[in-house]
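> Right, I'll just put the structure down here and ask away after.
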Amino acid sequence: MTETVVSSVPAARRTGEPGRLWHTFCDMNTVSRGPEFVVARAEGVWLWDSSGDRYLDGTASLWYCNAGHGRREIADAVHRQMTLLDSYTVYGDFANLPALELSERLAAHAPVADPRVILTCGGGESIDTAAKLARRYWAVTGKPEKTHLISRTGGYHGLHGIGTSISGMERFRAGYGRLLEDTSVVPHDSAAALEAEILRVGPENVAAFFAEPVVGAGGVYLPGPDYFTEVARICDRYGVLFVVDSVICGFARMGNWFGIERFGVTPDMVVFAKGVSSGYVPLGGVVVSGRIADPFWNREGNPFMHGTTYAGHPSACAAAMANLDILEREDLFTVALEVERHLDGALRTLAGHPLVAEVRSGLGVMGAVELTEEALTERGITTADVFAEARSRGVVLRPVPRALLVSPPLIITWEQIDHLVSTLAASLDAVSSR
Ligand SMILES: Cc1ncc(COP(=O)(O)O)c(C=O)c1O
């Protein structure tokens, strides 16, 4: 077998001309000036760029590489599956064995009553699926006016149509004309605000409430101790479907399967992606309760005419099965709880730094180091400055407008956590002294 390994920047690029790849989630006016940061190889928690320099992956790419990079057995599982059945649709009555097995396995662990599993190719696609299903559920059960969707400040649910509409960050909603209009956002830390909003809109108009167990990309905001118990009670009381977005929090990042188990509540739907396959192949989905499935599964005339070509992709499902084998065999669920404690302790040492306003961590393998108002406004320091400094020192972090986020692979060692945090501290010092 000949191997095609791209190990250097394409020759056409060495001339200094801008490339052809339109990077996503960025300002190409800056990025096209290059040079791009080409990730050539990865192993464990380490990345190598195309010059051979090594970096600690402090973010597991985009919060997804839970099992760590370079897991041969996932690659082998995908190879085996592709040589047997590359892909085939699961529309209609078509199925494939990996999609069936994965659905059984996820259902067995989901904190959802009598679960059914819809498979997709990622988080945003799953959010749109869950939102459409919520509205459709009310339509087929005789309440078609229940369409309003409520989400939380800082909540990030991807950037597909509905995910954009319910974003808890205005910067992702602005500039696209009319999005879904029957949506609203409530403060992430107040169950009372959710109740007030349901009453303002009218429970007869509200379809669903969307919440991440820990607000992730919006800046790592942890829920108060009773927040989810209250939320579940309110949703139940007013007949609002409770949809948990576990795209970041799932698959051991919070020490369990879907994150929300930490709060002992039972949602109507759980959206997942990222860690289900550790990102080796794109995959996501929605776990749906039997109650929501019932009118579609057990009554005539209610097809759910929604889906995407690659849903239930057997090679993606094979990757997920191999990834879940690793999570279980290495008990990364328990490991993650220990990493959570160590990461929390290490990040908190930054709380006294003059540029740091707040450290948020201690629930899941994730954390945020927020810069002070003075640093951000009066001194004009940006999180992008700190990010760039840290990367030049060999550690990759994620900058959001006010904070640096960390979410390493769950296999990170104590020594590597300390290296991550001391590099972040040194980067803050360097940026501060400029
Ligand atoms: C909580 C949450 N939901 C949904 C998404 C969207 O997932 P995707 O980027 O795969 O569409 C993300 C992505 O970061 C996320 O963090």
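The values are calculated or read from the model by the stated rules, or taken from the named source; none is laboratory data. Everything numeric here is computed off the predicted structure, so don't read it as measured data. Note: ideal-geometry Cβ built from the backbone for every residue, glycine included; neighbour counts use all protein chains shown.
> Which of the residues that make up segment 141-161 are within 12 Å of the ligand (Cβ to nearest atom) and closer than 19 Å to Val201 by Cα?
Matches in segment 141-161: Ser151, Arg152.
> Of the residues in segment 394-410, how many are assigned to a loop (DSSP other than H, G, I, E, B) and of a type in the set (Val, Ile, Thr)? Outline the logic, then answer.
Step one: filter segment 394-410 for residues assigned to a loop (DSSP other than H, G, I, E, B), giving 394, 397, 400-402, 407-410.
After this cut, where a residue has to be of a type in the set (Val, Ile, Thr) as well, the list is 400.
Residues that pass the stated criteria total 1.
> Can you pull out every residue in segment 114-155 that is outside any helix (DSSP H, G or I), in contact with a Lys or Arg (Cβ under 9 Å, 6 or more places away or on another chain) and not β-branched (Val, Ile, Thr)?
Within segment 114-155, Asp114, Gly122, Pro144, Lys146, Leu149 qualify.
> Is there a residue in segment 192-205 that is within 16 Å of the ligand (Cβ to nearest atom) and of a type outside the set (D, E, K, R)?
no
> A further question follows. Any residue at all in segment 95-106 that's touching a Ser or Thr at 6+ places or on another chain (Cβ under 7 Å) and touching a residue at least 12 places away in the same chain (Cβ under 8 Å)?
Within segment 95-106, none of the residues are touching a Ser or Thr at 6+ places or on another chain (Cβ under 7 Å) and touching a residue at least 12 places away in the same chain (Cβ under 8 Å).
> For residues in segment 267-292 being among the polar types (S, T, N, Q) and closer than 15 Å to Gly250 by Cα, which is surrounded by the most Cβ atoms within 10 Å (Cβ to Cβ)?
For segment 267-292, the residue satisfying everything is Ser278.
> Right, another one. I'm checking my understanding of the structure. Among residues of segment 124-140 that are within 16 Å of the ligand (Cβ to nearest atom) and hydroxyl-bearing (Ser, Thr, Tyr), which one is surrounded by the most Cβ atoms within 10 Å (Cβ to Cβ)?
Ser126
> Go through the residues of segment 83-93 one by one and say whether even a single one is modelled with pLDDT of 95 or more, in the same structural domain as Lys274 (by TED's automatic domain parsing) and not in a loop (DSSP other than H, G, I, E, B).
yes
> Tell me which residues, restricted to segment 293-314, are crowded, with 24+ Cβ neighbours inside 10 Å and either within 16 Å of the ligand (Cβ to nearest atom) or closer than 18 Å to Phe258 by Cβ (or both).
Scanning segment 293-314 gives a single hit, His313.
> Quick check on Gly279: is it free of Cβ contacts under 8 Å to residues at least 24 places away in the same chain and either farther than 21 Å from Phe210 by Cβ or in contact with a helix residue (DSSP H, G or I) (Cβ under 8 Å, 6 or more places away or on another chain) (or both)?
In short, no.
> Just give me the residues in segment 30-43 being at pLDDT 95 or above and of a type outside the set (A, V, I, L, M, F, W, C), in sequence order.
Arg41, Glu43
> Ok, one more. Please pick out the residue among Ala322, Ala375, Ala357, Ala316 that is outside any helix (DSSP H, G or I) and of a type outside the set (Lys, Arg).
Ala357
> Another question, if that's okay. For Arg391, only one of the following conditions fails: (1) in a loop (DSSP other than H, G, I, E, B); (2) more than 30 Å from Arg329 (Cα to Cα). What is its number?
If we test Arg391 against (1) in a loop (DSSP other than H, G, I, E, B); (2) more than 30 Å from Arg329 (Cα to Cα), just (1) comes out false.
> Continuing with the same structure: I'm told Gly259 meets every condition in (1) at negative phi; (2) out of contact with any helix residue (DSSP H, G or I) (no Cβ under 9 Å at 6 or more places or on another chain) except one. Can you identify the failing condition by its number?
Condition not satisfied by Gly259: (1).
> Next question, about the same structure. Of (1) surrounded by fewer than 14 Cβ atoms within 10 Å (Cβ to Cβ); (2) in contact (Cβ under 8 Å) with a residue 40 or more places away in the chain, Ile234 satisfies all except one. Which?
With respect to (1) surrounded by fewer than 14 Cβ atoms within 10 Å (Cβ to Cβ); (2) in contact (Cβ under 8 Å) with a residue 40 or more places away in the chain, Ile234 is out only on (1).
> Quick one: how many residues across segment 310-351 are under 20 Å from the mean Cα position of the chain (by Cα), acidic (Asp, Glu) and not assigned by TED's automatic domain parsing to the domain that holds Ile412?
Residues that pass the stated criteria total 0.
> In segment 114-123, is there at least one residue being of a type in the set (D, E, K, R), closer than 17 Å to Val244 by Cβ and away from the ligand (no atom under 16 Å from the Cβ)? Spell out the reasoning first.
First, the residues of segment 114-123 that are of a type in the set (D, E, K, R): 114, 116.
With closer than 17 Å to Val244 by Cβ added as a condition, the list becomes 114, 116.
Subset that is away from the ligand (no atom under 16 Å from the Cβ): 114, 116.
Yes, because at least one residue in segment 114-123 is of a type in the set (D, E, K, R), closer than 17 Å to Val244 by Cβ and away from the ligand (no atom under 16 Å from the Cβ).
> Sticking with this structure for a sec: Residue check, Val243 against (1) farther than 22 Å from Phe25 by Cα; (2) within 15 Å of the ligand (Cβ to nearest atom); (3) surrounded by fewer than 24 Cβ atoms within 10 Å (Cβ to Cβ), all met but one. Which one?
Of (1) farther than 22 Å from Phe25 by Cα; (2) within 15 Å of the ligand (Cβ to nearest atom); (3) surrounded by fewer than 24 Cβ atoms within 10 Å (Cβ to Cβ), only one is false for Val243: (3).
> Kindly evaluate Val365 against the criterion of being of a type in the set (Val, Ile, Thr), more than 17 Å from Asn66 (Cβ to Cβ) and crowded, with 20+ Cβ neighbours inside 10 Å.
Considered against the rule, which asks whether it is of a type in the set (Val, Ile, Thr), more than 17 Å from Asn66 (Cβ to Cβ) and crowded, with 20+ Cβ neighbours inside 10 Å, Val365 comes out as no.
> Residue pairs, Cβ under 9 Å, 6 or more apart or interchain, first in segment 265-276 and outside the structural domain of Ala211 (by TED's automatic domain parsing), second more than 12 Å from the ligand (Cβ to nearest atom) and in a loop (DSSP other than H, G, I, E, B). List them.
Listed pairs, sorted by first residue: none to list.
> When both residues are 6+ apart or on different chains and their Cβ atoms are under 7 Å apart, which pairs have a first residue that lies in segment 17-42 and is within 17 Å of Asp53 (Cβ to Cβ), and a second that is surrounded by 12 or more Cβ atoms within 10 Å (Cβ to Cβ) and of a type in the set (Val, Ile, Thr)?
Partner pairs satisfying both residue conditions: Val38/Val9.
> Let me ask another. So, in segment 44-82, exactly how many residues are within 16 Å of the ligand (Cβ to nearest atom) and surrounded by fewer than 23 Cβ atoms within 10 Å (Cβ to Cβ)?
Total satisfying the criteria: 3.
> Next question. Would you pick out the residues in segment 156-203 that are closer than 22 Å to Thr229 by Cα, in a helix (DSSP H, G or I) and not aliphatic (A, V, I, L, M)?
Hits for segment 156-203 are Glu195, Glu197, Arg200, Pro203.
> Let me ask something else. Please work out which residue is nearest to the ligand (Cβ to nearest atom), limiting yourself to segment 282-292 and to residues that are within 17 Å of Ala107 (Cβ to Cβ) and under 20 Å from the mean Cα position of the chain (by Cα).
Among residues in segment 282-292 that are within 17 Å of Ala107 (Cβ to Cβ) and under 20 Å from the mean Cα position of the chain (by Cα), the one nearest to the ligand (Cβ to nearest atom) is Gly284.
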